[in-house]
Structure formats: structure tokens, C-alpha cells
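Comments concern the structure below.
The values are calculated or read from the model by the stated rules, or taken from the named source; none is laboratory data. Given the structure is predicted, the values throughout are model-derived calculations rather than measurements. Cβ sites come from the backbone with ideal geometry, for glycine too, and all protein chains shown count toward neighbours. Just so you know, the surface numbers come from the protein's heavy atoms only, side chains and all, with ligands and any DNA or RNA stripped out. Shrake-Rupley method; radii C 1.70, N 1.55, O 1.52, S 1.80 Å.
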Amino acid sequence: MNRMKFNEGGQPVYLDDLRLLQDNSRAAAEQVLSAIGRGRSTMFLERPFYTYTEDDAGEFVIKVTGGSAFVNGDFVSWGETVVHDVDLKDDLWLCIRNTDTDKRIFDDGQQRACSVCREGYISGDPTGAAEHFKLTELRDIADYIQELINYKVSVWKDISVEFFNDYKGTVRYKDMDDCYRVQIKIKSTNYSNISGDLILFYTDQTFLQYFHSSTKASVQTENGVRGCHVYGFEGTVHLDVQLPFDDADCAAAVPVNIIFEIPK
């Protein structure tokens with residue numbers, strides 16, 4: 001690494017000196033985080049989380065919390081974002097936007113930008129971004145640090161699923177010492193009458209191929225609250241209820257919010 005040498009006596013300062021200071025600072029951060037990430041140059045510093053909600057028009061949207069990331073030598077951040085016209089969190093992207101700022105008049109009479117604002121934003125469409133990364137494919141800096149020190153901690157991890165009956169939401173798990181802890185938090189916009197079994201989603205996750213939940217999900221009806229198990233058969237996950245019952249005759253009337261454990 002080159003370093004500036006300072007001398008007394010009115011040392012001249014050039015733009016190259018300022019560039020050296022900027023490049024050294026960036027290179028130092030990049031080398032440290034690249035070492036932590038074992039050569040990877042992009043990672044979350046603060047991972048965003050997703051929730052499915054409804055906007056004022058009653059349409060499903062995905063709300064993404066603010067976060068920060070290290071992207072190819074630069075630190076970027078973004079605020080809370082509501083993404084429309086996206087069905088699954090797998091379709092969300094971290095996008096990078098470069099904006100020229102601080103325009104000044106030069107001695108030759110031309111106006112030029114003297115700084116670049118590099119910022120992140122969350123979108124369902126990466127078109128036009130200077131760089132873009134799928135959120136589900138980026139890892140946390142904490143993950144890399146834990147690998148380096150051989151330390152295992154249980155954190156929620158998203159499970160890729162294919163929803164049925166217009167269900168949307170999150171399905172995730174924690175890898176515990178003796179079990180998998182699974183959380184299903186989903187709801188549907190399907191108001192069509194359904195008769196019989198209620199299918200929630202399909203997944204190729206190994207431990208969800210065949211199971212029966214150890215706890216029950218609560219379903220509110222006109223006659224009180226009914227508890228229903230969740231079970232999986234060949235990767236297709238069902239709610240153990242036959243519609244209609246009481247005032248529940250469609251998927252929209254049966255949101256599912258449950259945490260249960262599957263022994264290893």
C-alpha cells in the first residue's frame with residue numbers, strides 16, 4: 001500500500017494525493033471484508049426482513065425493512081421499502097444506484113460533478129440498476145465470521161416453497177441440535193369456496209417431505225377457535241382441516257401462523 005509522505009516547507013497538494021487517500025481507505029475495507037467472506041466482495045452488514053401486508057387498495061405487498069451491505073468496495077444502505085407487483089420474496093433485488101452530485105464550474109467554463117452518491121434500494125425489477133443482487137442469494141457478514149471461528153448459532157433461514165390457493169407469506173426454519181424448528185406465517189387472498197382438504201404449499205426441503213406438526217395452528221371461526229395440525233406428504237404441506245366448517249369456506253378465511261418442531 002502506498003502512503004503519503006508529509007514534508008515541511010509548503011508541500012504542494014494534487015488531486016492524485018486525495019485519490020490516494022480515498023483508494024487506500026476503500027482498499028483497506030475491501031481487503032478486510034474479503035478476507036472475512038473468503039473472497040466474496042458483497043455481503044449484508046444488516047440483513048433486511050420481509051413481511052407480507054396489504055396496501056390501502058387491499059392488494060398484497062411486501063414490506064422490506066431497512067438495512068446495509070458492503071458491495072464491491074463500498075458501504076451502502078437503504079430505508080424501509082414497500083414493493084408492489086411482486087408475489088414472492090425470491091423476486092426481490094438489492095439494486096445499486098450511482099448519482100453524480102456536487103456539480104461545479106471549472107476554469108474551462110464547463111460544469112462537472114465532483115462526487116458520486118452510491119446508494120442501495122430494494123426493487124422487484126433490477127432494470128436500470130448499476131449493479132443488482134438477489135436478496136435471497138446474499139449472505140450476512142455474521143455468517144462468514146461464525147464460519148471463520150467455527151461457531152454455530154441457530155438463525156431463521158427462509159425455505160423456498162411453491163404456494164397453493166393464493167397463499168403468501170414466510171416459511172422458515174432454525175437448525176437446532178436435535179430438531180428443526182419451523183415457522184409458517186401465511187395468509188391467502190383466495191375467496192373462492194373450497195370443499196375438502198386445504199393445501200398450503202409444496203417444497204423440496206428434505207425434512208418437510210413427511211411430518212406432522214407437534215403443535216396446532218389456531219383458526220378462528222364464528223363458534224370460537226379451532227386448533228389444526230399441519231402435515232406434509234411427499235413435500236406437499238396441508239392444513240388438517242376439511243372445508244367448509246363453521247363460517248370458514250375459503251382459504252382467505254384460514255390464515256396460518258404456527259411454530260413447531262420436527263425431530264432429527
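Some values worked out for this structure:
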{"quantity": "Residue-normalised accessible area of the chain, expressed per residue, 1.4 Å probe, Å²", "calculated": "60 Å²"}
{"quantity": "Acute angle (nearest 10 degrees) that the helix 15-36 long axis makes with the longest principal axis of the chain, alpha-carbon atoms", "calculated": "30 degrees"}
{"quantity": "Full-extension gain in nm, residue 53 to residue 247, via 0.36 nm per residue minus C-alpha separation", "calculated": "67.5 nm"}
{"quantity": "Candidate lysines for bridging to residue 185, where Cα separation is under 28 Å - those fewer than 8 sequence places away on the same chain excluded", "calculated": "63, 89, 134, 152, 157, 168, 174, 216, 264"}
{"quantity": "Share of alpha-carbon pairs per 5 Å distance bin for the chain, given as whole %", "calculated": "1, 5, 9, 12, 13, 13, 11, 9, 7, 5, 4, 3, 3, 2, 1, 1, 0, 0, 0"}
{"quantity": "Within the chain, longest stretch clear of exposed GluC sites (Glu not before Pro) (DSSP loop, no more than 14 other Cβ within 10 Å)", "calculated": "81-221"}
{"quantity": "Residue 139 accessible area, 1.4 Å probe, all protein chains in place, Å² to nearest 10", "calculated": "80 Å²"}
{"quantity": "Stretchable slack from residue 150 to residue 111, in nm (0.36 nm times residue separation minus alpha-carbon distance)", "calculated": "8.7 nm"}
{"quantity": "Potential lengthening between residue 15 and residue 41 on full extension [0.36 nm per residue; Cα-Cα distance subtracted]", "calculated": "6.6 nm"}
{"quantity": "Normalised contact order of region 218-263, rounded percent, pairs of Cα under 8 Å and 6 or more residues apart", "calculated": "34 percent"}
{"quantity": "Carbon + sulfur, % of accessible area of region 210-264 - ligands and nucleic acids excluded, 1.4 Å", "calculated": "47 percent"}
{"quantity": "Taking the chain and dividing mean pair separation by its residue count, relative contact order in percent (alpha carbons under 8 Å, at least six apart)", "calculated": "13 percent"}
{"quantity": "Relative contact order [Cα under 8 Å, 6+ residues apart], region 40-89, whole percent", "calculated": "36 percent"}
{"quantity": "Mean-position separation - Cα centroids, region 197-237 and region 1-52, in angstrom", "calculated": "50 Å"}
{"quantity": "For region 145-188 and region 68-139, distance of Cα centres in Å", "calculated": "28 Å"}
